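Report on the following structure.
The values are calculated or read from the model by the stated rules, or taken from the named source; none is laboratory data. Just so we're clear, the structure is a prediction, and the values are computed from it rather than from any experiment. Here the Cβ positions follow ideal geometry from the backbone for every residue, glycine too, while neighbour counts run over all protein chains shown. Surface accessibility is based on the protein's heavy atoms, side chains included, excluding ligands, DNA and RNA. Shrake-Rupley method; radii C 1.70, N 1.55, O 1.52, S 1.80 Å.
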Amino acid sequence: EDFERWCRPHPCDEKGALLLNEANGARLKDSLALSEAAADPFLTDLARYYWGKPIFLAQAAGLRLEPYEPESYGPFRWHHDGKRKQVKVMILLTDVRTDGQRMDYLPGTHTIWHRFQRGEAGYEETRFSDAAVARYGEPLRCCGPAGTVVLFDTNGLHRGNRNHGPSRDVWVNQYTAGFHLFPLSGVHASLLPRFSREQRRLLRVKARYPASARR
């Protein structure tokens, strides 16, 4: 419901895509459900274990994809995110079929050290053709019913898919060990007294609480 409310004022672009983030009103602090998801102990413990050090919520954003002609462009080409190690937790908000507008991921490619320039100059160096990735085997199709969660390292090679499949809505929380942090407006105020000190640190929330609420 929160995602739909955020989408309502914004039309999709000419390719049927809509990115939601802090810049166009998709703020975690306005959503109880998505704020809870950002601090979910099971998911954040997995991300922390993978990193081997404390993590931070680096960014939170959503994406809506309407049916569209099959096309390979931008994030719908094989790529890595150009940020070295980074964990994304992608929550499917709609059912995503195996032949739909799913994400594909090549298992094992997260361990590859890619050489690329920083910034726009290195963009093409983070993109790969189908032929170039063929040696890495069959991709994992990231699909499932609404509520499915996909946790992955964005240094691994992955791509989205555009086709005439049903509309796909996803919400993505990104976690790093402190690099590539984007502005966040905060989280839903009703949760703050319930969150532990570690959860507040992870969500980059700084506030004072009564002694009874501290843990």
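Give me the angle, in degrees from 0 to 90, between the Cα long axis of helix 41-51 and the longest principal axis of the Cα atoms of the chain, rounded to the nearest 10.
On a 0 to 90 degree scale, this one is about 60.
Which length gain, in nm to one decimal place, applies between residue 132 and residue 114 when the Cα-Cα distance is subtracted from 0.36 nm times their residue separation?
Numbers: separation 18, 0.36 × 18 = 6.48 nm, distance 1.35 nm.
The residue 132-residue 114 span can extend by a further 5.1 nm.
Residues of the stretch 46-68 with the amide nitrogen closer than 17 Å to a label point 7 Å from the Cα of residue 81, along Cα-to-Cβ, please.
The answer is 46-64, whose backbone nitrogens lie closer than 17 Å to the label point.
Cut-off 10 angstrom, C-alpha nodes, Gaussian network model of the chain. Which of 88, 29, 15 fluctuates the most?
Its mean-square fluctuation being the largest, the pick is 15.
Could you look at the stretch 101-203 and say what percent of its accessible area is carbon and sulfur, using a 1.4 Å probe and all protein chains?
Values: 3000 of 5270 Å².
Accessible surface attributable to carbon and sulfur in the stretch 101-203 totals 57 percent.
I need to check one value: relative contact order of the chain, counting alpha carbon pairs closer than 8 Å and at least 6 residues apart, in percent.
On the way: 406 pairs, mean separation 73.8, N = 215.
Relative contact order for the chain comes out at 34 percent.
Which residue, chosen from 10, 180, 165, occupies the Cα position most advanced towards the positive end of the dipole of the chain, where the dipole is computed from +1 (Lys, Arg) and -1 (Asp, Glu) charges on Cβ about the Cα centre?
So the residue we want is 180.
Calculate one ³J(HN,Hα) per residue across the stretch 56-66 by plugging θ = phi - 60° into the Karplus curve 6.51 cos²θ - 1.76 cosθ + 1.60, and present them in order as whole Hz with x for glycine and proline.
Computed from phi, the couplings for the stretch 56-66 are 10, 6, 7, 6, 9, 7, x, 9, 10, 10, 8 Hz.
Could you order 91, 55 by accessible surface area, starting with the largest, using a probe radius of 1.4 Å? Walk me through the numbers before you get to the answer.
Numbers: 91 20, 55 0 Å².
In descending accessible area the options line up as 91, 55.
In nm, what is the difference between 0.36 nm times the number of residues separating residue 69 and residue 19 and their Cα-Cα distance? Don't skip to the end; give the middle numbers.
Values: separation 50, 0.36 × 50 = 18.00 nm, distance 1.84 nm.
Contour length minus Cα-Cα distance gives 16.2 nm.
Can you show me the helix-derived [θ] at 222 nm for the chain, built from DSSP H runs with n ≥ 4 at -39,500 (n - 2.57) apiece and divided by the number of residues, rounded to the nearest 500. Walk me through the numbers on the way to the answer.
Working: 5 runs with 34 residues, N = 215.
It lands at -4000 deg cm²/dmol.
What residue among 100, 165, 178 shows peak mean-square fluctuation when the chain is described by a Gaussian network model with Cα springs under 10 Å?
Of the options given, 178 has the highest mean-square fluctuation.
Rank these residues by their accessible area, most exposed first, probe 1.4 Å: 51, 171.
Details: 51 40, 171 0 Å².
Greatest to least solvent exposure: 51, 171.
What is the distance in Å between the Cα centres of the stretch 125-202 and the stretch 1-79?
Going from one Cα centre to the other spans 7 Å.
Taking the solvent-accessible surface of protein heavy atoms with a 1.4 Å probe, what is the per residue accessible area of the chain in Å²? Mind showing how you got there, number by number?
Numbers: 11360 Å² over 215 residues.
Ligands and nucleic acids excluded, the result is 53 Å² per residue.
Take every Cα-Cα distance within the stretch 10-80, group them into 10 Å bins from 0 onward, and report for each bin the whole-number percent of pairs it holds.
Calculated over all Cα pairs of the stretch 10-80, the distribution is 15, 34, 34, 16, 0 percent.
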